[in-house]
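*Asks:* This is the structure, below, for whatever I ask next.
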Amino acid sequence: GAGEAPAGDLAGRRVVVSAGGTREPLDPVRYLGNRSSGRQGVALAARAAARGADVVLVAAHLEVPAPAGVRVVDVGDARELRAAVLAEAAGADALVMAAAVADFRPAAVSATKVKKDPGTEDAPVVTLVRNPDVLAEAARPGPDRAAVVVGFAAETGDDAGDVLAHGRAKLARKGCDLLVVNEVGAEARTGGGFGTAGNTVVLLGDDGTEQPVGPAPKEDVADAVWDAVVRRWARDLP
Ligand code: CTP
Ligand code: CA
């Protein structure tokens with residue numbers, strides 16, 4: 001539980017956490033968004049600070065307050081989040097990408113509010129383009145890569161594979177060290193997920209490890225993630 005982690009075991013570590021959900025503008029008053037509350041990312045930042053880390057929280061439209069004792073960098077859309085994450089994570093001890101980053105954004109942003117045409121019943125068509133994959137970019141090998149890179153994934157099983165198979169494929173595709181996999185729809189059975197206090201996840205490691213966590217408060221899930229990061233640092237000692 002939240003009280004069991006050794007106090008100060010992240011002292012001297014610089015960690016970056018992204019949290020919340022990006023919003024992709026359509027016009028000056030509208031955006032495409034998602035339902036991430038930011039709670040899991042905020043819990044990760046809070047627990048890292050409580051365990052002694054120097055924490056930067058890259059925050060996209062949090063619905064909950066940022067914890068005390070962390071440096072907050074506010075961002076709006078995916079491209080702003082990318083710039084902040086890449087700048088802050090350069091040379092960091094860990095990057096945890098808990099933010100829900102929009103995969104697509106409107107190809108064009110109207111400088112003026114989009115109005116209905118009173119002459120017709122037609123509706124506009126919104127063309128989307130791909131956003132950059134921030135996690136894949138931050139996880140790419142290079143001198144600036146954070147020592148340990150952690151991704152999140154909300155998955156459902158489908159014909160192509162179960163939740164963990166999708167998680168494994170995503171871990172490899174992104175190039176991260178750990179992936180926190182959340183089964184979408186499991187909230188109904190176990191409690192957790194979007195906007196709730198708890199979570200049920202599996203921590204997948206690129207070394208093949210597979211650790212179920214929860215159902216548990218998001219603070220306890222956060223501690224389990226930091227425990228896994230601490231094990232990585234220990235394993236990767238020169
Ligand atoms: N992510 C990111 N940049 C994006 C999209 C996602 O950095 N443009 C990060 C998220 O913060 C998360 C991880 O990638 O840590 C996985 O997000 P997810 O949406 O599950 O992955 P995608 O690659 O977008 O795959 P999918 O097509 O399943 O949405
Ligand atoms: Ca996505």
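The values are calculated or read from the model by the stated rules, or taken from the named source; none is laboratory data. In this text, all values refer to a predicted model and were calculated from it rather than measured experimentally. For neighbour counting, all protein chains shown are included, and Cβ atoms are generated from backbone atoms with ideal geometry for every residue, glycine included. Areas reflect the complete protein model, heavy atoms only, side chains present, ligands, DNA and RNA absent. Shrake-Rupley method; radii C 1.70, N 1.55, O 1.52, S 1.80 Å.
*Asks:* Any idea how many residues of segment 56-83 are under 21 Å from A154 (Cβ atoms), free of Cβ contacts under 8 Å to residues at least 60 places away in the same chain and in contact with a strand residue (DSSP E or B) (Cβ under 6 Å, 6 or more places away or on another chain)? First the steps, then the outcome.
*Replies:* Of all residues in segment 56-83, those under 21 Å from A154 (Cβ atoms) come to 57-64, 75, 77-78, 81-82.
Now narrow it down to the ones that are free of Cβ contacts under 8 Å to residues at least 60 places away in the same chain: 57-62, 64, 75, 77-78, 82.
Filter once more, so that each one left must be in contact with a strand residue (DSSP E or B) (Cβ under 6 Å, 6 or more places away or on another chain): 57-62, 75, 77.
The number of residues fulfilling the criteria is 8.
*Asks:* Might you check whether a residue that is acidic (D, E), modelled with pLDDT under 95 and either under 20 Å from the mean Cα position of the chain (by Cα) or under 27 Å from G214 (Cα atoms) (or both) occurs anywhere in segment 130-143?
*Replies:* Quick first cut of segment 130-143, residues acidic (D, E) only: 133, 137.
Checking the rest, the ones that are also modelled with pLDDT under 95 come to none.
No, the conditions are met nowhere in segment 130-143.
*Asks:* Please state which one of A172, A197, A186, A111 is open to solvent by 70 Å² or more (accessible area, probe 1.4 Å), at pLDDT below 90 and of a type in the set (A, V, I, L, M, F, W, C). Write out each step before concluding.
*Replies:* Working: A172 fails: at pLDDT below 90; A186 fails: open to solvent by 70 Å² or more (accessible area, probe 1.4 Å); A111 fails: at pLDDT below 90.
Step by step, each of A172, A197, A186, A111 is checked, and only A197 is open to solvent by 70 Å² or more (accessible area, probe 1.4 Å), at pLDDT below 90 and of a type in the set (A, V, I, L, M, F, W, C).
*Asks:* Before we move on, is R105 within 13 Å of ligand 1 (Cβ to nearest atom) and of a type in the set (K, R)? First the steps, then the outcome.
*Replies:* Values: within 13 Å of ligand 1 (Cβ to nearest atom): yes; of a type in the set (K, R): yes.
So R105 fits the description; yes.
*Asks:* Return a yes/no flag: does segment 40-62 have any residue that is open to solvent by less than 50 Å² (accessible area, probe 1.4 Å), under 26 Å from V213 (Cβ atoms) and touching a Ser or Thr at 6+ places or on another chain (Cβ under 6 Å).
*Replies:* At the first step, the residues of segment 40-62 found to be open to solvent by less than 50 Å² (accessible area, probe 1.4 Å) are 40-49, 51-53, 55-60, 62.
Now narrow it down to the ones that are under 26 Å from V213 (Cβ atoms): 40-49, 51-53, 55-60, 62.
Applying the additional criterion that residues be touching a Ser or Thr at 6+ places or on another chain (Cβ under 6 Å) yields 58, 60.
Yes: one or more hits.
*Asks:* Oh, and also: For segment 84-100, give me each residue that is in contact (Cβ under 8 Å) with a residue 12 or more places away in the chain and more than 10 Å from the chain's Cα centre (by Cα). Spell out the reasoning first.
*Replies:* Step one: filter segment 84-100 for residues in contact (Cβ under 8 Å) with a residue 12 or more places away in the chain, giving 84-86, 88-100.
Result: A84, V85, L86, E88, A89, A90, G91, A92, D93, A94.
*Asks:* Output the number of residues of segment 69-108 satisfying the condition of being part of a loop (DSSP other than H, G, I, E, B), open to solvent by 50 Å² or more (accessible area, probe 1.4 Å) and within 16 Å of ligand 2 (Cβ to nearest atom).
*Replies:* Result for segment 69-108: 1.
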